[in-house]
Amino acid sequence: MRLADYTDYTLRVLMTCAADRDRLVTIAELAERLALSKNHLMKIVNDLARQGLLETMRGRGGGLRLLKEPGEIRIGDVVRGAETDFRLVECFDGRVNNCAMSPSCRLKKVLDSALRAYFRELDGATLADITAAAPDAEPAIGVSATMLPPARGQLRVKSGAARSPRGR
């Protein structure tokens, strides 16, 4: 199973906010740190606010922050809130199942069991679990501009700064 990019980005936003609990994070900062468009981030942030996971404050000095403690936010719930479709195969949706093998096929049962195991694992992890650093490691979410891949259309230069392909 592959998560949609939207879900991946949703998790990144939450992880960044969890790592910066002591202050408000802005959309502009997220866009730069995560190398994502502001418009795309606005949609994600609005969805997370509607789900009661983020608080948003507009205007000068505004930004966003988690509404819950990271340990209260289950990764499985975040994935369910961001993903729109968990049909692994056609027969998962009885409305459009045209598979001739359905009456005798055992694949659906196996895949359904795998999907339940997948969510059992995700439900067992919280935002705190995935943002906590190991004792001997660098901070898990210490996302800095030098750690990120260059944004589309940018090249990484030795100093860690990004520049456009034409040197602009």
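FYI, it's all coordinate maths here, none of it is from the lab. In this text, all values refer to a predicted model and were calculated from it rather than measured experimentally. No Cβ is skipped: glycine too gets one built from the backbone with ideal geometry, and neighbour counts run over all protein chains shown.
Rg(Cα) of segment 1-81 divided by 2.2 N^0.38 Å?
Normalised by 2.2 N^0.38 Å, the Cα Rg of segment 1-81 equals 1.01.
Mind giving me the nanometre distance, one decimal, between the label points for D123 and A35, set 7 Å out from Cα along Cα→Cβ?
3.5 nm
For segment 77-138, report the convex hull volume of the alpha-carbon atoms normalised per residue, in Å³, without decimals.
Dividing the Cα hull volume of segment 77-138 by its residues yields 111 Å³.
Rounded to the nearest 0.05, what FRET efficiency do L88 and D47 give with R0 = 25 Å and r taken as the Cβ-Cβ distance? Could you check?
0.60
Using the Karplus curve 6.51 cos²θ - 1.76 cosθ + 1.60 with θ = phi - 60°, work out ³J(HN,Hα) for each residue of segment 77-91 in order, rounded to whole Hz, and write x for Gly and Pro.
Values per residue, Gly and Pro as x: 5, 5, 5, 4, x, 9, 7, 10, 8, 10, 6, 6, 9, 3, 6 Hz.
Once you compute Rg and the Kirkwood Rh from C-alpha atoms, what is the Rg to Rh ratio for segment 1-142?
Computed over Cα atoms, the ratio is 1.07.
May I ask you to work out the translational diffusion coefficient for segment 35-90 at 25 °C, viscosity 0.890 mPa s, via Stokes-Einstein with Rh from the Kirkwood sum over Cα pairs, reported in whole µm²/s?
189 µm²/s
Counting Lys +1, Arg +1, Asp -1, Glu -1, what net charge surrounds C91 among other residues with beta carbon under 13 Å of its beta carbon?
Net charge around C91: +2.
Contour minus end-to-end for L67 and M1, with contour as 0.36 nm per residue of separation and end-to-end as the Cα-Cα distance?
20.8 nm
Modelled label-to-label distance, A28 and R116, 7 Å Cα→beta-carbon offset: nm?
About 5.0 nm, to one decimal.
To the nearest Å, what is the center-to-center distance of segment 1-24 and segment 67-96, using C-alpha atoms only?
Each part's Cα centre sits 15 Å from the other's.
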